[in-house]
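Below is one structure, written out as structure tokens; the observations come after it.
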């Protein structure tokens, strides 16, 4: 009966939708009125449409696209279609939240960089380091040096001298590598008073690695505000440091992994080289690259996924295959420890017994994993 009809104002009040929204959804054929006055154009709605309007209001609040709203309201009762549409939207929201968290983490890093940049000290410091240990540390991080000319600050290795420890850091934003070199010979003055850093350009890094292969036991390293000097075996090499402030890497390596698994490096390399891959836009410039999906089963075994659905309780993370293979030689030939949390968290690759030397690979987003 016409007396049972609700005016557009009444439906707006009872459903939470505005009058303008009801007019919009009428025009979009989502919620059409039961009757439109032919003379005034005024809209009237049937009693049963209140439930649809209330559902529409909530779907609108969570940002469900118009086509999906239409699918939910038009779904056959009991078909499961409406639930599938809503579940798919929830997965998109969760993936978006994970992306936002990653971006906010980088934003915090940029803020920290502005407020507390890692800068070179005005006075140079000289330390004595084991030549072999320094060479191994450079080899462990060299693969992760950035090559993007638009980000020159990343086109070198950060030498960060902090008390009795020398840390080497390299990153191209998609991966990061760190290595620590303890200083066996005390630095003049109290160890905790020594703190300086310099970004050593790639060409100079490679020249230092060649110099360290001379067979000498120790090398003298001098870090200054604008120059780096290495002396070993009667030879020396020096060059200018990059005049940039390196990002605060410390905030990026505070990992809180849920799972840790150990396995031989050769075993992981074999599994990655022979395992299935998929092509996804995961390269530094958005280009398609081969992606490996690692799966940690409930039994604690790490395998390369072949594309099938994961078993209940499996933990998966997708990474750039080439980046993963680059990181394995840097970690060394022995036992590795992999740290993973899930599909949207970084993968850490550590060398067993060397906690300060490890690599971090950023995950590749695979829709069905998130």
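Nothing in this text is a laboratory measurement; each read-out follows from the coordinates by a stated rule. For clarity, every value in this text was computed on a predicted model and none was experimentally measured. As a convention, Cβ positions derive from the backbone with ideal geometry for all residues, glycine included, and neighbour counts pool all protein chains shown.
Rank the residues 317, 127 as a footprinting-exposure proxy: fewest other Cβ atoms within 10 Å of their Cβ go first.
Details: 317 25, 127 21.
If I rank by nearby Cβ atoms, fewest first, I get 127, 317.
Only helical DSSP H runs with n ≥ 4 go in: add -39500 (n - 2.57) per run for the chain, normalise by residue count and round the 222 nm mean residue ellipticity to 500 deg cm²/dmol.
Numbers: 9 runs with 116 residues, N = 370.
After summing the helix terms and dividing by residue count, I get -10000 deg cm²/dmol.
For 174, 42, which order do you get if you count the other beta carbons within 10 Å of each Cβ and list the fewest first?
Details: 174 17, 42 13.
So the ranking, lowest neighbour count to highest, is 42, 174.
Quick one, can you get me the convex hull of the C-alpha atoms of the range 135-183 expressed as volume per residue in Å³?
Details: hull volume 3.0 nm³, N = 49.
Cα convex hull per residue, to the nearest whole number: 61 Å³.
In a Gaussian network model over the chain where Cα atoms closer than 10 Å are linked, find which of 172, 245, 355 has the largest mean-square fluctuation.
In this elastic network of the chain, the residue with the biggest mean-square fluctuation among 172, 245, 355 is 355.
Got the relative contact order for the range 190-278 handy, in percent, Cα pairs under 8 Å and 6 or more residues apart?
Numbers: 78 pairs, mean separation 20.6, N = 89.
In percent, rounded to a whole number, it is 23.
First check a/c for the range 125-249, with a ≥ b ≥ c the square roots of the eigenvalues of its C-alpha gyration tensor; if it is under 1.5, answer rounded, and if not, answer prolate when a/b is larger than b/c or oblate otherwise. Before the final figure, lay out the partial values.
Values: a/c = 1.64, a/b = 1.33, b/c = 1.24.
It comes out prolate by the Cα gyration axes.
Which whole-number percent is the relative contact order of the range 2-74 (Cα, under 8 Å, 6+ apart)?
That works out to 34 percent.
In what order do 290, 10, 217 fall by count of nearby beta-carbon atoms within 10 Å, going from fewest to most? It would help to have the intermediate numbers written out before the result.
Details: 290 16, 10 13, 217 9.
In order of increasing Cβ crowding within 10 Å: 217, 10, 290.
Shape call for the chain from the C-alpha gyration tensor, a ≥ b ≥ c root eigenvalues: rounded (a/c under 1.5), prolate (a/b greater than b/c) or oblate? Walk me through the numbers before you get to the answer.
Working: a/c = 3.81, a/b = 2.38, b/c = 1.60.
Prolate, because a/c is 1.5 or more and a/b exceeds b/c.
Let me make sure I get this right: for the range 2-74, a, b and c are the square roots of the gyration tensor eigenvalues over alpha carbons, sorted descending. Under 1.5 in a/c it's rounded, otherwise prolate if a/b > b/c, else oblate. Which is it? Mind showing how you got there, number by number?
Working: a/c = 1.91, a/b = 1.64, b/c = 1.17.
In terms of gyration-tensor shape, prolate.
Expressed as a rounded percentage, what relative contact order does the chain have, with Cα pairs under 8 Å and six or more residues apart?
Numbers: 680 pairs, mean separation 47.1, N = 370.
Relative contact order of the chain: 13 percent.
Which of these, 151, 337, 304, has the largest mean-square fluctuation under a Gaussian network model of the chain (Cα springs below 10 Å)?
151
Show me 256-267, 135-146 ranked by packing, highest mean number of other Cβ atoms within 10 Å first. Walk me through the intermediate numbers first.
Details: 256-267: 13.6, 135-146: 21.0.
Result, highest mean Cβ count within 10 Å first: 135-146, 256-267.
Just to be sure I understand: with springs between alpha-carbon atoms less than 10 Å apart, which residue in 328, 161, 50 has the highest mean-square fluctuation in the Gaussian network model of the chain?
50
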